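A short write-up of the structure that comes next.
Values in this text are rule-based calculations from the coordinates and carry no lab data. Everything numeric in this text was worked out from a predicted model, so none of it was measured. Note: ideal-geometry Cβ built from the backbone for every residue, glycine included; neighbour counts use all protein chains shown.
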Amino acid sequence: MSACIIPVAPDFQDPPSDPESAPVFSTTTPAMATLVTVLALPNQQTFSAPVSDTQLGVALNYRWALDYPPFSSDVTRAEQVAQILPPSDGQPITNYPIPFTLDCTIAPASSSSTHKLILIVADRPFVFNPDPNHYLDTIADPTGHVVYGFWPVVMNCPVE
């Protein structure tokens, strides 16, 4: 019994497809997960978290939040969602800086209180979720990725 073996042809793509990868942070300022102290006004602390994503043509959505999770309308402070559009030259998003300035006007008034500052970045749009542990970070497409930057922050703000 003889058989003919037919080789499988290679699967060429032009351009090659990009991998489904999560966004990644570059070196952040201040370094992620380090304790940061913000003194009373007029002092402030600027954060910068450069983000990259190898997926071509994908927009990144992000928001900064203070004292999340869980979400509490009395405590949590969150920025509106912002978007980083993919470059028009067809290249991936590379080291796009996401800045944020924190001062005593943002945090609830407290004396030497420790807070959680978090940056939430997703490669899909955010959607509403009533669960307080995922209120700000749920995405519409479960095949997408959500990544987090985190800083513990001591706010030395006057109690009014």
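Using C-alpha positions alone, give me the convex hull volume of segment 36-132 per residue in cubic angstrom.
110 Å³
What's the magnitude of the charge dipole for segment 30-121 around its Cα centre, counting Lys and Arg as +1 and Asp and Glu as -1 at the beta-carbon? Answer in Debye, nearest 20.
The calculated dipole for segment 30-121 is roughly 120 debye.
Which residue, chosen from 100, 56, 81, occupies the Cα position most advanced towards the positive end of the dipole of segment 37-160, where the dipole is computed from +1 (Lys, Arg) and -1 (Asp, Glu) charges on Cβ about the Cα centre?
100
Which whole number of Å³ per residue matches the convex hull of the alpha-carbon atoms in segment 77-145?
Enclosed volume per residue, from the Cα hull, is 133 Å³.
So if R0 is 35 Å, what FRET efficiency would residue 156 and residue 89 give, r being the distance between their Cβ atoms, rounded to the nearest 0.05?
0.20
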